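Before any comments, here is the structure.
The values are calculated or read from the model by the stated rules, or taken from the named source; none is laboratory data. The model shown is predicted, which means the values in this text are computed figures rather than measured ones. Methodologically, a virtual Cβ is constructed for each residue, glycine included, from the backbone with ideal geometry; neighbour enumeration extends over all protein chains shown.
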Amino acid sequence: MTLQNQNLEQFSFIVSHNLRAPVARLKGLASLIPYDLDKEELKKITQMIKSASLDLDVVLSDLTHIIDIKSRPIENREYIDMTDLFNSIIDLMREDIETINAKVEIEIQDANQILSIKPYIRSVFTNLLSNAIKYRSHNRALVIQIQGHAVDGFHVFKVIDNGLGIDLHDGNKSKIFGLYQRFHNDIEGRGLGLYLVKTQLESLGGDISVESNPQGGTSFTICLPIN
């Protein structure tokens, strides 16, 4: 029931803040159109309407994606070769990795074959690796470590980086997987990725936790049931 209440609070947040803001902007801009406007004013308002419409579309798209994950039953499970999966994700990011001279180390022991939903697993680790690249430190070369092993009925994976890190004090640790939560406002992002990661893992019966320090890097631990 607690998790259900948290989910309801998240959707309430979307409706009360993220949907109302662009809708209010559209209503306000639309109210200006009947007045006698010159071409420059009309052009400016039209551009603002377009911007507000795009913001609204993004929020609706996010909401649809989240509802899809939460409502879809666990199906189409298959055995996934995690080494192959990680290598394919790295290949997709090859240009970014080589451009910043990053190093990715993979060490998987007894968790190479897992039974799960491949698109979800790919999405989870693509998000985490993308974040490691996005939130890297410019004072040192990025190193990402991917570790995997089996323990107590779970496949446990760690994604560790030496990037900017996050200040997890003052309640930030409980917020980091929340919807539209951001901790580096100077870097472009929507604060959706980690929320989707946690949502996808929970739909698979798994979970994720984090340890981090400012300028000390970040370590995400993912637990997935073996059966």
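Annotations for the structure displayed:
- Hey, Lys50 in a helix (DSSP H, G or I), at pLDDT 75 or above and not assigned by TED's automatic domain parsing to the domain that holds Arg136 or not: no
- Arg122 under 20 Å from Thr199 (Cβ atoms) and surrounded by fewer than 20 Cβ atoms within 10 Å (Cβ to Cβ): yes
- Against the list (1) at pLDDT 90 or above; (2) farther than 27 Å from Ile80 by Cβ, the condition Val156 fails is (2).
- Strands (runs of 3 or more DSSP E) lying entirely in region 73-120 (those with 1 or more residues that are charged (D, E, K, R) and within 17 Å of Gly148 (Cβ to Cβ)): 78-81, 103-108
- Region 67-89, subset surrounded by 11 or more Cβ atoms within 10 Å (Cβ to Cβ) and at pLDDT below 65, residue nearest to Cys223 (Cα to Cα): Ile74
- If you filter region 91-119 down to residues that are among the β-branched types (Val, Ile, Thr) and surrounded by 17 or more Cβ atoms within 10 Å (Cβ to Cβ), you find that the one that is farthest from Asn162 (Cα to Cα) is Ile117.
- Residues (outside any strand (DSSP E or B) and within 17 Å of Asn87 (Cβ to Cβ)) located in region 128-153: Leu128, Leu129, Ser130, Ala132, Ile133
- Whichever residue in region 193-227 is at pLDDT 85 or above and part of a loop (DSSP other than H, G, I, E, B) and, among such residues, is farthest from Asp110 (Cα to Cα): Pro214
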